[in-house]
């Protein structure tokens with residue numbers, strides 16, 4: 001047990017929760033701004049991430065644990081890196097990888113609930129499970145939106161970011177994919 005009464009694994013995971021929740025909110029906000037006709041789940045996820053961070057700060061302060069500015073700063077940088085990588089994505093790819101953001105947070109919340117249970121901290125465990133449940137609904141909505149792109153195959157392969165930089169990144173990704181496919185095809189014909 002740490003000086004704060006937490007398992008060391010719990011202490012680290014709580015700080016990770018600050019970072020990943022901030023990354024989720026930042027990344028999804030950028031997706032919502034860039035996508036034409038964004039799924040409503042993106043905006044709900046951004047609002048939920050803000051609420052979780054606010055409540056998390058209150059909860060962890062009781063243990064002498066804080067996540068601002070360092071842990072949330074890591075999340076800001078994580079969302080910026082994710083956003084830069086998204087420049088190469090098609091719409092469907094951006095939506096499918098967004099599901100991973102929230103899935104990471106919901107899994108971490110379940111893990112933290114199990115850790116709190118191990119210390120018989122039913123209040124913290126219940127709070128974690130409540131947020132896991134709320135975010136799981138958003139996760140399910142986001143997954144459904146990503147899967148629904150299969151019903152719009154032309155739209156699904158459009159650049160996620162319609163700016164000149166986004167179109168250039170997408171074009172580069174398509175060219176690299178074409179080269180890779182040609183290489184694989186040639187290698188597959190060899191005896």
### Query
For region 1-13, which residues satisfy the criterion of being surrounded by 22 or more Cβ atoms within 10 Å (Cβ to Cβ) and in contact with a helix residue (DSSP H, G or I) (Cβ under 6 Å, 6 or more places away or on another chain)?
10
### Task
Search region 95-153 for residues being outside any helix (DSSP H, G or I) and free of Cβ contacts under 8 Å to residues at least 24 places away in the same chain, and hand back the single one that is nearest to the chain's Cα centre (by Cα).
152
### Task
Return yes or no: is residue 3 farther than 30 Å from residue 175 by Cα and either assigned to a helix (DSSP H, G or I) or at pLDDT below 95 (or both)?
yes
### Message
Please verify whether residue 173 is more than 26 Å from residue 52 (Cα to Cα) and exposed (fewer than 14 other Cβ atoms within 10 Å of the Cβ), treating the condition exactly as stated.
### Response
no
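Restricting to region 54-71, name every residue that is assigned to a helix (DSSP H, G or I), surrounded by fewer than 19 Cβ atoms within 10 Å (Cβ to Cβ) and free of Cβ contacts under 8 Å to residues at least 60 places away in the same chain.
54, 57, 58, 61, 70
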### Message
What's the total number of residues in region 154-191 that are farther than 17 Å from residue 38 by Cα and assigned to a helix (DSSP H, G or I)?
### Response
25
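Residues are listed down the side, and each one gets a yes or a no for (1) closer than 16 Å to residue 94 by Cα; (2) at pLDDT below 90; (3) surrounded by 16 or more Cβ atoms within 10 Å (Cβ to Cβ):
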site	(1), (2), (3)
107	no, no, no
119	no, no, no
128	no, no, yes
154	yes, no, no
163	yes, yes, no
184	no, no, no
187	no, yes, no
### Condition broken by residue 150, with the remaining ones in (1) surrounded by fewer than 17 Cβ atoms within 10 Å (Cβ to Cβ); (2) modelled with pLDDT under 90 satisfied
(2)
### Task
Answer yes or no as to whether residue 51 is farther than 20 Å from residue 129 by Cα, in a helix (DSSP H, G or I) and at pLDDT 95 or above.
no
### Query
For region 14-43, what are the residues that are buried (at least 19 other Cβ atoms within 10 Å of the Cβ), more than 13 Å from the chain's Cα centre (by Cα) and either more than 13 Å from residue 160 (Cβ to Cβ) or at pLDDT 95 or above (or both)?
14, 39
### Query
Given the structure, is residue 81 within 17 Å of the chain's Cα centre (by Cα) and exposed (fewer than 13 other Cβ atoms within 10 Å of the Cβ)?
yes
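The values are calculated or read from the model by the stated rules, or taken from the named source; none is laboratory data. What you are looking at is a predicted structure, and each value in this text was computed from that prediction instead of being measured. Neighbour counts run over all protein chains shown; Cβ positions are idealised from the backbone, glycine included.
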